[in-house]
Amino acid sequence: DVVLTQTPVSLLISLGGQASISCRSSQSLVHSNGNTYLHWYLQKPGQSPQLLIYQVSNRFSGIPDRFSGSGSGTDFTLKISRVEPEDLGVYYCLQRTHNPPTFGAGTKLELK
Amino acid sequence: QIQLVQSGPELKKPGESVKISCKASGYTFTDYAMHWVKQAPGKGLKWMGWINTYTGKPTYADDFKGRFVFSLEASASTANLQISNLKNEDTATYFCARGEGIKAFAYWGQGTLVTVSS
């Protein structure tokens, strides 16, 4: 199975600051069709995961442009600028290029 | 709007069975797969498998073969997860999530907490 390694495990950020989360894959996430199925989620306490970014860099409906995704191959990054209180929670990356789908272990974003 | 509404929390004893439902609305149920994801308390997300809502064929991840059964009540736009011979390690929140090919899971249920305790 593909292993997704997220770093850091936790992140202390001041309101208005910037956060960067890395997701590294044990193998390339480029599908044979040329697309890369690496997605980012935020899970707020007591809630289900919500989709932020799909296929590396596309913001899902209603997601503010403070969230951006980048990367290619095996190395991906989620950046959150101007952190707001509602951004706090655990961020997960998910790959669907290879079966079975696998998630990163998560990065907890907390206020400094 | 698209919604997945899951059944309520369950408290079970080891060895018992549980059935969780996930009712879909706001789209044609049989046009999209339904996936299941497990989250143990304080832990991350683990994909359990999926069911083809058109054919009813389930596919299970390796760790979820044997005691786990995905089923449908297509006329009610509902997907079900049944777990038999419950063990303490089955204590978790179980999520359903709508699947579209190999794209991201864009819509999730609110989760169902299953607690297994003697």
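The table that follows gives values for the structure above.
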| read-out | value |
| --- | --- |
| Qualifying residue in the range B:93-101 (condition: basic (K, R) and touching a Pro at 6+ places or on another chain (Cβ under 8 Å)) | no |
| Qualifying position, being more than 10 Å from chain A (Cβ to nearest Cβ) and of a type in the set (A, V, I, L, M), among B:A97, B:A79, B:A106 | B:A79 |
| Any hit, the range B:65-80, residues being without any contact (Cβ under 8 Å) to a residue 12 or more places away in the chain and farther than 19 Å from B:S7 by Cβ | yes |
| Strands (runs of 3 or more DSSP E) contained in the range A:7-112 and holding at least 1 residues under 11 Å from the mean Cα position of the chain (by Cα) | A:19-25, A:38-43, A:50-54, A:67-72, A:75-80, A:89-95, A:107-111 |
| Pair list, Cβ < 7 Å and 6+ apart or interchain, from the range B:1-30 residues that are touching a residue at least 40 places away in the same chain (Cβ under 8 Å) and closer than 15 Å to B:F70 by Cβ to residues that are in a loop (DSSP other than H, G, I, E, B) and open to solvent by 80 Å² or more (accessible area, probe 1.4 Å) | B:Q6/B:Q110; B:T30/B:Y54 |
| Selection from the range A:38-65 of residues that are at the interface with chain B (Cβ under 8 Å from one of its Cβ atoms), within 19 Å of B:K43 (Cα to Cα) and open to solvent by 70 Å² or more (accessible area, probe 1.4 Å) | A:Q47 |
| Selection from the range B:99-118 of residues that are open to solvent by 60 Å² or more (accessible area, probe 1.4 Å) and under 15 Å from the mean Cα position of the chain (by Cα) | B:Y107, B:Q110, B:L113 |
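Here is a yes/no grid of residues against (1) open to solvent by 10 Å² or more (accessible area, probe 1.4 Å); (2) on the phi > 0 side of the Ramachandran plot; (3) among the charged types (D, E, K, R); (4) within 14 Å of another protein chain (Cβ to nearest Cβ):
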residue: B:T28; (1), (2), (3), (4): yes, no, no, no
residue: B:K43; (1), (2), (3), (4): yes, no, yes, yes
residue: B:A61; (1), (2), (3), (4): yes, no, no, yes
residue: B:S71; (1), (2), (3), (4): yes, no, no, no
residue: B:A74; (1), (2), (3), (4): yes, no, no, no
residue: B:L86; (1), (2), (3), (4): no, no, no, no
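The values are calculated or read from the model by the stated rules, or taken from the named source; none is laboratory data. As the structure is a computational prediction, the values presented were derived from the model and not from experiment. Glycine also receives a Cβ, built like all others from the backbone with ideal geometry; neighbour counts cover every protein chain displayed. What goes into the accessible areas is simple: the full protein's heavy atoms, side chains included, and nothing from ligands, DNA or RNA. Shrake-Rupley method; radii C 1.70, N 1.55, O 1.52, S 1.80 Å.
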